[in-house]
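> Just dropping this structure here.
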Amino acid sequence: MKLLTTALRRGLVLAAFSLVAAPLALTSGPVSADPARSAQTLLSLESRALARVGNAHLKGLVTPVKPIPVAAGTVTGGGGFLYDKTWLSRQPAPEGGPQWRCLAEALYFEARGETVEGLFAVSEVIMNRVSSKRFPNSVCGVVNQGTGRKFACQFTYTCDGRPEHIGDKRAWTRVGKVARAVLDGKATGLTKGATHYHATWVSPDWSRKYTKTFAHGVHIFYRHTWRGE
């Protein structure tokens, strides 16, 4: 991919410029009444702002997000039954024990903006880990693995220092229904055994080593390449 042109960089730097130019202006003295000098000052500030904005970040601003396919959000389960918005709306109010709550919380804090399909996919990763001998053998064990140890937590929300407040009741009901369905055995096989996933705006080192199996919405899914599994 070619590097961004200077013109494009100048167009995209407006946001960064507003953050950088303001504090610089406060220390650069009064604005000159001479239009030429004012323009020169602005160009200087723009150049300094551009220098502070990485090319990779600017590329991210202009990289188009791939549209979600029309069929996305619909999951085919056993017997060809479709798990979609209509199905979800017909499910009773979700409830369950500690394992259900752990799964619902993980979906809420990690993926509540995803489609039904995306929620099932994230759920699968957790359940695939439960089934693997390399991870804890319970949903709560998987979700809370490494919590409390620096750089060891598996799910960011469990160790980001923020209170785990569930403020969106509608989203909570939605993820709770998916969690209930998954724990009741309505597996989909969407991710082909994925044990890891990450958001599209990050690129962890392990993503270059594991096998990519699925992508949906803002998440990409991978299967670990352990031998014997």
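The values are calculated or read from the model by the stated rules, or taken from the named source; none is laboratory data. Just so you know, these numbers come straight off a predicted model, no measurement behind them. Cβ coordinates were reconstructed from backbone atoms using ideal geometry, including for glycine residues, and neighbour counts include every protein chain displayed. Remember, those area values only see protein heavy atoms, side chains included, never the ligands or the DNA or RNA. Shrake-Rupley method; radii C 1.70, N 1.55, O 1.52, S 1.80 Å.
> How much length would be gained if the chain were fully extended between Tyr157 and Ser203, taking 0.36 nm per residue of separation minus their Cα-Cα distance, in nm to one decimal?
Full extension from Tyr157 to Ser203 adds 14.8 nm.
> Once label points are set 7 Å from the Cα along Cα→Cβ at both Ala215 and Leu82, what is their separation, rounded to one decimal in nm?
Modelled inter-label distance: 2.5 nm.
> Using the per-residue mean of other Cβ atoms lying within 10 Å as a proxy for protection, in what order, highest first, do the peptides 212-222, 157-167 fall?
With the highest mean Cβ count within 10 Å placed first, the list reads 212-222, 157-167.
> Calculate what fraction, in whole %, of the accessible area of the stretch 133-193 sits on carbon and sulfur atoms when a 1.4 Å probe is rolled over the protein chains.
Here it works out to 48 percent.
> Also, I was wondering about something else. Quickly work out the Ala171-to-Asp184 label distance, labels modelled 7 Å from Cα along the C-beta direction, and quote it in nm with one decimal.
Spacing of the two 7 Å Cα→Cβ label points: 2.4 nm.
> Something else now. Using the heavy atoms of the protein chains alone and a 1.4 angstrom probe, what is the accessible area of the stretch 108-229 per residue in square angstrom?
Working: 6620 Å² over 122 residues.
On a per-residue basis, 54 Å².
> Follow-up. Pull up all non-local amide H partners of His196: gap of 5 or more, or a different chain, and H-to-H distance under 5 Å with H placed in the peptide plane.
For His196, the qualifying residues are Tyr222, His224.
> Multiply the residue gap between Asn137 and Thr225 by 0.36 nm, knock off their C-alpha separation, and tell me the result in nm, one decimal place.
Numbers: separation 88, 0.36 × 88 = 31.68 nm, distance 1.96 nm.
Contour length minus the Cα-Cα distance gives 29.7 nm.
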